[in-house]
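Report on the structure given below.
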Amino acid sequence: MHLKKEEINKLERVYRLNLINSITGVKPANLIATRSKNGTDNVAIFSSVVHLGSKPPQIGFIIRQASENPRDTLLNIEETGYYTMNHISQSFMKQAHYTSANLDYKESEFERMKINKEFLGEFHAPFVKDSLVKIGMKHIENILLPNKSTLVIGEIVLLHLPDDVVDEKGQMDLGKYDCVGISGLGSYYRLNKLDSFPHVRPDEIPSFE
């Protein structure tokens, strides 16, 4: 397959949507959970989570235009300032996938999709109970992107994960807890660690002959 811009634009809509969403490869699968000012707990699946920095520890994720789902996620974050990110495992990936449905604002995906939730300490937003990696986030700012989507930037203020998935260097082994990734809009993959390489310094690059 060899396509130029004009040919890509002429592709059938759903085919083009699936193709462009999958060419970036496997993406992280996370459930982002929020609580509204009125106490309604919501959760939605995102594959656009990206590391921004480690000091301070910041993570970003992208939300489509406000007129599209999941609008309740952005509204709750802006109103309360807090949200959680929860890694998706194979055991509940089907329920997680269906949180992308455009439900009424007053209806909780936790209840509709039978996803277990829990609260950790006094943190405002709920966590996904069955997720082994839970991240509590404090909202910093939003950046409007050229395509009218929003980059939501937050700081990690709480981190909860099993000790045995982190090695002596602080690196996580995603294969140890059945973590899954997403390709496209609905294809899920298991993740297995293949190898681990050191931080690269110019004088330590091996010969590849």
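Assorted remarks:
- Count of the range 57-81 residues, restricted to those that are in contact with a strand residue (DSSP E or B) (Cβ under 6 Å, 6 or more places away or on another chain), modelled with pLDDT of 90 or more and under 22 Å from K106 (Cα atoms), is 6.
- Flag: L159 matches the condition of being of a type in the set (A, V, I, L, M, F, W, C) and exposed (fewer than 13 other Cβ atoms within 10 Å of the Cβ).
- Within the range 25-52, the set of residues being exposed (fewer than 11 other Cβ atoms within 10 Å of the Cβ), on the phi < 0 side of the Ramachandran plot and either in contact with a Ser or Thr (Cβ under 8 Å, 6 or more places away or on another chain) or of a type in the set (V, I, T) (or both) comprises K37 only.
- Matching entry among M85, M93, M1 (being out of contact with any helix residue (DSSP H, G or I) (no Cβ under 6 Å at 6 or more places or on another chain) and assigned to a helix (DSSP H, G or I)): M93
- Check on K55, of a type outside the set (S, T, N, Q), farther than 21 Å from L151 by Cβ and out of contact with any Ser or Thr (no Cβ under 9 Å at 6 or more places or on another chain): no
The values are calculated or read from the model by the stated rules, or taken from the named source; none is laboratory data. None of the values given here were measured: they were computed from a predicted structure. Quick reminder, even Gly has a Cβ in these numbers, built from the backbone with ideal geometry, and neighbours come from all protein chains shown.
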